[in-house]
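*Asks:* Here it is, the structure in full.
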Amino acid sequence: MPKPRDQTKPDRKDPEWGFQTRGPLIATVSRLATIRVLSIIILFLVAGCAVEKPTHTLTPLGATLPDEALDALRHGSEFTLYSLDPALIDPAPNSGRFHNYRVLGTTDPADPDRQSLVDALARGVAESVGAIAACFDPRHGIRVVHDQKQHDFVICFDCLQIHWYVDGDGRRSVLTSESPVAVFNAVLSRASVPLPDPP
């Protein structure tokens, strides 16, 4: 009579796993155990990465408005604040547009409102962390005349950018945070100027 096979001894090498198995049942259990151990190891590794992943707080750059721009805003005449429709329209000349954006309304603020606007804009520039959005949908603008030059500031707080024009051309970009928007909207609201739709 043939001797029964001892299931506790290895009898073949599993080509998939590369180790000896001890019969069909034990081989299945071994594979399941190996898969479970590997799964637990991967889970711990993933969890460890998630816990150890650093979180960085972006630091404001402390930038300033260019001296020429700040001087015009603080000391220029004919200071006008604009509420703009951010939808870019036909560039054909039109008195109801500000750099091709439809004007919802304007106000000529005196101090202390003018001072608060300039202070808020300077603070927004200082608070910029250097981030910039791919869009440009301006909802605010400022026009001021200083030293016989017209300075236009087309402002998108949502996109964190200010486009500054002198005498209608030579656009320069300045980065800002979105914090000044509350001050700008408050001045427009006090003057009963319609506000642009929020982004």
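*Asks:* So, S95, is that one without any contact (Cβ under 8 Å) to a residue 12 or more places away in the chain and farther than 19 Å from E178 by Cβ or not?
*Replies:* yes
*Asks:* Follow-up. Does D137 fit the bill of being assigned to a loop (DSSP other than H, G, I, E, B) and closer than 17 Å to P194 by Cβ?
*Replies:* Yes: the conditions hold for D137.
*Asks:* If T107 passes every condition in (1) loosely packed, with under 13 Cβ neighbours inside 10 Å; (2) β-branched (V, I, T); (3) touching a helix residue (DSSP H, G or I) at 6+ places or on another chain (Cβ under 7 Å) but one, which one does it miss?
*Replies:* In the conditions (1) loosely packed, with under 13 Cβ neighbours inside 10 Å; (2) β-branched (V, I, T); (3) touching a helix residue (DSSP H, G or I) at 6+ places or on another chain (Cβ under 7 Å), T107 misses (1) alone.
*Asks:* Taking the options R114, R102, name whichever one is free of Cβ contacts under 8 Å to residues at least 40 places away in the same chain and assigned to a helix (DSSP H, G or I).
*Replies:* When all the criteria are applied, what remains is R114.
*Asks:* Would a scan of the stretch 110-130 turn up a residue that is at pLDDT below 90 and either over 16 Å from V181 (Cβ atoms) or not aromatic (F, W, Y) (or both)?
*Replies:* Yes, the conditions are met somewhere in the stretch 110-130.
*Asks:* Could you check D169 against (1) closer than 23 Å to D71 by Cβ; (2) touching a strand residue (DSSP E or B) at 6+ places or on another chain (Cβ under 8 Å) and say which number it fails?
*Replies:* Looking at each condition in turn, D169 falls short on (2).
*Asks:* What residue, of V145, V154, V181, V174, is more than 18 Å from S128 (Cβ to Cβ) and of a type in the set (A, V, I, L, M)?
*Replies:* The match here is V145.
*Asks:* On the given criteria, is P180 crowded, with 20+ Cβ neighbours inside 10 Å and not aliphatic (A, V, I, L, M)?
*Replies:* Spelling it out, P180 is indeed crowded, with 20+ Cβ neighbours inside 10 Å and not aliphatic (A, V, I, L, M).
*Asks:* Take the conditions under 26 Å from D111 (Cβ atoms), crowded, with 17+ Cβ neighbours inside 10 Å, out of contact with any strand residue (DSSP E or B) (no Cβ under 6 Å at 6 or more places or on another chain) and at pLDDT 95 or above and apply them to V193. Does it pass?
*Replies:* So V193 fails the test.
*Asks:* Now for a different question. Quickly run through the stretch 112-159 and pick out the residues that are in contact with a strand residue (DSSP E or B) (Cβ under 8 Å, 6 or more places away or on another chain) and β-branched (V, I, T).
*Replies:* Correct list: V125, I132, I142, V144, V145, V154, I155.
*Asks:* Can you find a residue that is closer than 14 Å to L188 by Cβ, of a type in the set (K, R) and in contact with a strand residue (DSSP E or B) (Cβ under 6 Å, 6 or more places away or on another chain) anywhere in the stretch 99-111?
*Replies:* No, the stretch 99-111 has no match at all.
*Asks:* Would you please name the residue that is surrounded by the fewest Cβ atoms within 10 Å (Cβ to Cβ), looking only at residues in the stretch 145-172 that are on the phi > 0 side of the Ramachandran plot and not in a strand (DSSP E or B)?
*Replies:* Q148
*Asks:* Name the pairs whose Cβ atoms lie under 8 Å apart, with the first residue in the stretch 53-76 and at positive phi, the second of a type in the set (G, A, S) and modelled with pLDDT of 90 or more, and 6 or more positions between them or separate chains?
*Replies:* From the stretch 53-76, the pairs are G62/A126.
The values are calculated or read from the model by the stated rules, or taken from the named source; none is laboratory data. Every value quoted in this text rests on a predicted model; they were computed, and no experiment measured them. FYI the Cβ positions are ideal-geometry reconstructions off the backbone, even for glycines, and counts take in every protein chain you see.
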